[in-house]
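Q: The structure that follows is given in the form of structure tokens.
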Ligand SMILES: [Zn+2]
């Protein structure tokens, strides 16, 4: 009886593995194993330390180096029309097309910002270990008029890349310390060594400044401190006091920096 059952099973299994009937083979891939095969042992994984990005290398420098790009015109066609009441008339001023439509001012066929402004802002960042926020760098003539259409503003050095408005993040309440850093810059830089007209600052005491704090000036720059309520425009809509640095003297050309229509309008335009 046992032999009979074995024979019967043998016939049945034999029938199942018959290679002459491929249609009965199970579909899919076969797994072949080797003799004495065992599982591969993997070393426990230790996550690698991520290489820091350049701006993370010095943990204190959580700011980027100031470049010309920080001075791009803040104008935008999305800004609302600036309405100004003049006697019985309402004048309408529209903003420029922004940096999509024009470049920085040009000098020698290159976009140009006075290098002393870039140097000074980087010096402030390095010394204070805090971020400088440029609120207004270059203003194209259209954006300049949009910000402030008054006649006195029509020769603004913002149009020449010779003026910057900024504050320092974390030192919003101590603008005097930022001014001290600017004065220190002129005493530290070797190129000004022994030149009193650069190292010594005077105060501008005339009363027509419309600002409370008398400005500082040496041969190269004119520094204004705008208190919290002063000097507000579309570019300076923040609640902090801020500093404006104006270039008076061109170190490279050895001549005073003056406004001219030609210099103000000299930039690339895109339709
Ligand atoms: Zn513009």
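Any read-out appearing in this document is the output of simple, stated calculations on the displayed coordinates, not a laboratory observation. What you see is a predicted model; the values in this text were computed from it and never measured. We place every Cβ from the backbone using ideal geometry, glycine too, and count neighbours over all the protein chains shown.
Q: How many angstrom lie between the Cα centre of segment 126-166 and the Cα centre of segment 230-245?
A: Segment 126-166 and segment 230-245 have Cα centres spaced 10 Å from each other.
Q: Return the ratio Rg/(2.2 N^0.38 Å) for segment 60-270, where Rg is computed over Cα atoms only. Numbers along the way, then the final one.
A: Values: Rg = 17.1 Å, N = 211, 2.2 N^0.38 = 16.8 Å.
Against the compact-globule rule of thumb, the ratio is 1.02.
Q: Arrange the peptides 145-157, 162-174, 77-89 so that the one whose residues have, on average, the most other Cβ atoms within 10 Å appears first.
A: Per-residue Cβ counts within 10 Å, averaged per peptide and sorted highest first, yield 162-174, 145-157, 77-89.
Q: What's log10 of I(q)/I(0) for segment 109-229 at q = 0.16 Å⁻¹, Debye sum over Cα points only, no solvent?
A: For segment 109-229 at q = 0.16 Å⁻¹, log10 I(q)/I(0) is -0.90.
Q: Using a Gaussian network model of the chain whose springs link C-alpha atoms within less than 10 Å, name the residue from 142, 197, 29 with the highest mean-square fluctuation.
A: Comparing 142, 197, 29 in the GNM, the peak value goes to 29.
Q: Within segment 82-125, list the residues whose amide N lies under 16 Å from a label point set 7 Å along Cα→Cβ of residue 195.
A: Answer for segment 82-125: 114-120.
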